[in-house]
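Enquirer: Got a structure for you, written out below as structure tokens; questions coming shortly.
The values are calculated or read from the model by the stated rules, or taken from the named source; none is laboratory data. This structure is a prediction, so every number in the text was calculated from the model and none was measured. Don't worry about glycine lacking a Cβ; one is built from the backbone with ideal geometry, like all the others, and counts go over all protein chains shown. Just the protein is used for accessible areas: all its heavy atoms, side chains included, with ligands, DNA and RNA removed. Shrake-Rupley method; radii C 1.70, N 1.55, O 1.52, S 1.80 Å.
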Amino acid sequence: MPLYLNDEQTMLRDTTKDFVAEHAPVSHMRALRDTNDAAGFSRGLWKQFAEMGFTGILIGEDQGGLGLGHVEAGIVLEEIGRNLSPSPFLTTALAAVEALKGTPHAARWFPGILGGETVAALAIDEAAKHRDAIGMKAERSGNGFRLTGKKQFVTHGHIADLLIVAARTSGSADDEQGITLFAVDKGAAGLIAEAERLADSSIAARLDFDGVEVDADAVIGEVDAGRDPLARLVRAGRTGASAELLGVGGGAMDLTVNYLKERKQFGVAIGSFQALQHRAAHLYSEMEVARAAVLKAQQLLDAGDAGADAAVSVAKAMSALATTLSVQEGVQMHGGIGMTDEYDIGFYMKRARVLAEMFGDANFHADRLATAAGY
């Protein structure tokens, strides 16, 4: 598969680039932060995303969506990252949609997602770092289940209409099998959400499930067989986060290059200094390598290729490393002003830090690849 966009994908990129830059630039994120917005994103903007058709990219045409793939979803996410746009697109239109596909839950939740009315949150992480272990209990209770345990780092978890919860119905925390996914409505009795503002001004929640009762219809897929929908969810999330990281890294690189052209020292633009030119060229090459890795992972996911899982880990690790380089170089080349609130480059560093942790950081995925290879 060629590692470049076709004509239709290029048109989507151009349309998305103009739309996001106009309606959700960095100043939009600043306004939400400065007003201490309780939701952490704009419901109105989410509706506009739906009107553009973005929320239905992964939803089949037979269900009212566009029936496109991860490459197209990544195009939208890259522009979201480039503009630091607060949006539930990654968790809702990508990860949640992948988990719900082919289940009865799709008929209930997809119309709201398509209309920009529904927001989904992913309650899968239980520790400070993303891990595959699931220890939260789901015990039989009447014709349903009782959920008991804690989740954290749940983006939009305090205001989500739908929570996709991974819990253990059998076995121990580290067992591969015995996991079940549940669709839990907001406001469920016994569910306590504690919202926290993250380093990048986005909001995530710590969730405490104190005997939350759900009926059997809440199960996504089959009892004890939740690994498959969970795997689809995390693959989509990891690939989407990788694409958003590319946007963050690309946006930071653009700011830095423009600054090198404008900032003068000793009567000349600092971009004329060879040492800074070398660093900028190195940064560009690292970002392009990461871009190729992300596009490859997206293409393999869309093709249902057996190698997609490994490619996704490569993409997440490489995009995190390249974007970390981009934001660090950006702050350094801006000098001391790079971390002041007046300049945007510091916000890119903060967003990169949060995204790098989501769905596993570079070390997590490097270890995952090494383990799969027998090391």
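Enquirer: What percent of all Cα-Cα pairs in the chain falls in each 20 Å bin, counting up from 0?
Expert: Bins of 20 Å from zero give 29, 58, 12, 1 percent of pairs.
Enquirer: Would you tally the net charge around ALA225, using a Cβ to Cβ cut-off of less than 14 Å, leaving ALA225 out, and scoring K and R as +1, D and E as -1?
Expert: Net local charge, ALA225 excluded: -2.
Enquirer: Using the Cα atoms of segment 259-375 to build a convex hull, what is its mean projected area in square nanometres?
Expert: 8.9 nm²
Enquirer: Here's a follow-up. What lysines sit close enough to LYS296 to cross-link, taking a C-alpha to C-alpha distance under 20 Å and skipping anything fewer than 8 places away on the same chain?
Expert: LYS316
Enquirer: Where Lys and Arg each count +1 and Asp and Glu each count -1, what net charge lies around ALA133 among other residues with Cβ under 12 Å from its Cβ? Walk me through the numbers on the way to the answer.
Expert: Details: positive: LYS129, ARG131, ARG168; negative: ASP125, GLU126, ASP132, ASP174, ASP175, GLU176.
It works out to a net charge of -3.
Enquirer: For a quick check of understanding: with a 1.4 angstrom probe and all protein chains in place, what accessible area in square angstrom does VAL223 have, to the nearest ten?
Expert: Probe radius 1.4 Å; accessible area of VAL223 about 50 Å².
Enquirer: How far is it, in nm, from the label point at ALA31 to the one at ALA373 when both lie 7 Å from their Cα along the line to the Cβ?
Expert: Result for the modelled spin labels: 4.8 nm.
Enquirer: Given Cβ point charges of +1 (Lys, Arg) and -1 (Asp, Glu) and nothing else, what value in debye, to the nearest 20, does the dipole of the chain about its Cα centre take?
Expert: In total the dipole reaches around 800 debye.
Enquirer: Using the alpha carbons of segment 16-68, what is the convex hull volume per residue in cubic angstrom, as a whole number?
Expert: 81 Å³
Enquirer: Could you work out the percent of alpha carbon pairs in segment 1-159 separated by over 24 Å, rounded to a whole number?
Expert: Cα-Cα pairs in segment 1-159 separated by more than 24 Å: 42 percent.
Enquirer: At 1.4 Å probe size, with every protein chain present, just tell me what the per residue accessible area of segment 250-292 comes to in Å².
Expert: Per-residue accessible area for segment 250-292 comes out at 61 Å².
Enquirer: How far apart, in nm, are two points set 7 Å out from the Cα along the Cα-to-Cβ line at SER285 and at ARG140?
Expert: Taking the two extended label points, one gets 6.2 nm.
Enquirer: Continuing with the same structure: Of the candidates ASN36, ASN83, ASN143, which one comes out as most mobile in a Gaussian network treatment of the chain with C-alpha springs shorter than 10 Å?
Expert: ASN143
Enquirer: Using 1/(1 + (r/R0)^6) with R0 = 30 angstrom and r between the beta carbons of ASP174 and ASP217, what's the FRET efficiency to the nearest 0.05?
Expert: That pair, ASP174 with ASP217, gives E of 0.55.
Enquirer: From the residues TYR348, LEU301, GLY69, which one has its Cα farthest along the dipole of the chain in the positive direction, the dipole being from +1 and -1 charges on Cβ of Lys/Arg and Asp/Glu about the Cα centre?
Expert: Highest projection toward the positive end goes to TYR348.
Enquirer: Right, next: From the Cα trace of segment 199-307, what convex hull volume per residue do you get, rounded to a whole Å³?
Expert: 161 Å³
Enquirer: Put a dot 7 Å past each Cα toward the Cβ at HIS23 and ALA269; how far apart are the dots in nm?
Expert: 3.4 nm
Enquirer: State the answer as a single residue: which of GLY81, THR92, LEU163 lies farthest towards the positive end of the charge dipole of segment 35-173, with beta carbon charges of +1 for Lys and Arg and -1 for Asp and Glu, about the Cα centre.
Expert: Value computed over the given set: LEU163.
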